[in-house]
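Right, one structure below, let's go through it.
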Amino acid sequence: TQLLEQSPQFLSIQEGENLTVYCNSSSVFSSLQWYRQEPGEGPVLLVTVVTGGEVKKLKRLTFQFGDARKDSSLHITAAQPGDTGLYLCAGAIFGNAGNMLTFGGGTRLMVKP
Amino acid sequence: KAGVTQTPRYLIKTRGQQVTLSCSPISGHRSVSWYQQTPGQGLQFLFEYFSETQRNKGNFPGRFSGRQFSNSRSEMNVSTLELGDSALYLCASSRVLAGSTDTQYFGPGTRLTVL
């Protein structure tokens, strides 16, 4: 059982469409990070959210951290083929010492031109 | 600032052998974490090292071990390799903040194939 449930697992959309990826848990996180990974490479950090209710924007990407710090979402507006990749959420469980991240299962996004 | 580097990038071993992977963190980062990524299990935490000490450990057998040197560089070792150890092994480094976790930055990974 994944501690951090990420949905959907797969998403195939047309260029210009909007999409939202969700990350949910019963655990409280002290921080939550979103990464994007290309095949054969390591995850690249997109954003870190630390405050409940926080919203961060990165161009066409909007990240939200739930008020209770148990969930997060990533919304992409007007998706482009360059957004194609594996999106991963990862949380640092509140109360755990150190830098141990729990990852969601990932969302594989394909944006078709 | 240079990113996290991992060597080698690709490795092919046979069952029963052992392997050592290396990770150099971002300059100034003192915490190094290791993760295993497989298609079936996704990204799973192996262990974290800080000040040459293992600070956290995931649910992996004792065949997986690691260490950290005084310059914060880290190595992980897998002994008696099994087919299921084939994976992308990722290293991540971060600063150490008092009382909280810090963002982790990942290297490109080492692709290990066990035949």
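The values are calculated or read from the model by the stated rules, or taken from the named source; none is laboratory data. In this text, all values refer to a predicted model and were calculated from it rather than measured experimentally. When we count neighbours, we look across all protein chains shown, and the Cβ atoms used for this are built from the backbone with ideal geometry, even at glycine.
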Residue hits (the range A:62-99; within 8 Å of chain B (Cβ to nearest Cβ) and surrounded by 22 or more Cβ atoms within 10 Å (Cβ to Cβ)) are A:Leu88, A:Ala90, A:Ala92, A:Asn99
Subset of the range B:26-45 (residues that are under 18 Å from B:Gly109 (Cα atoms) and touching a residue at least 40 places away in the same chain (Cβ under 8 Å)): B:Ile26, B:His29, B:Ser31, B:Val32, B:Ser33, B:Trp34, B:Tyr35, B:Gln36, B:Gln37, B:Thr38, B:Leu43
Just for the range B:56-74: of the residues that are within 14 Å of chain A (Cβ to nearest Cβ) and closer than 20 Å to B:Phe106 by Cβ, which one is modelled with the lowest pLDDT? B:Asn56
Can A:Ser26 be described as of a type outside the set (Val, Ile, Thr) and either without any contact (Cβ under 8 Å) to a residue 40 or more places away in the chain or assigned to a loop (DSSP other than H, G, I, E, B) (or both)? yes
Among strands (runs of 3 or more DSSP E) completely within the range A:63-113, the ones holding 1 or more residues that are among the polar types (S, T, N, Q) are A:71-76, A:107-112
Tally the residues that are within 13 Å of another protein chain (Cβ to nearest Cβ), out of contact with any Pro (no Cβ under 7 Å at 6 or more places or on another chain) and under 19 Å from B:Thr7 (Cβ atoms), restricting the search to the range B:75-103. 6
Just to be sure, is A:Gly40 away from chain B (no Cβ under 12 Å) and farther than 19 Å from B:Asp102 by Cβ? no
Within the range B:3-19, does at least one residue satisfy the condition of being exposed (fewer than 13 other Cβ atoms within 10 Å of the Cβ) and modelled with pLDDT under 95? no
Please find, within the range B:39-82, the residue that is nearest to A:Met100 (Cα to Cα) out of those that are within 13 Å of the chain's Cα centre (by Cα) and in a loop (DSSP other than H, G, I, E, B). B:Gly58
Looking at B:Thr53, B:Thr38, can you tell me which residue is under 25 Å from A:Gly105 (Cβ atoms), within 14 Å of chain A (Cβ to nearest Cβ) and exposed (fewer than 15 other Cβ atoms within 10 Å of the Cβ)? B:Thr38
State all residues of the range A:60-91 that are more than 26 Å from A:Gly40 (Cβ to Cβ) and of a type in the set (A, V, I, L, M); if no residue qualifies, say none. A:Ala68, A:Ala78
Pick out the one residue from A:Gly42, A:Gly91 that is within 15 Å of A:Leu4 (Cβ to Cβ) and of a type outside the set (A, V, I, L, M, F, W, C). A:Gly91
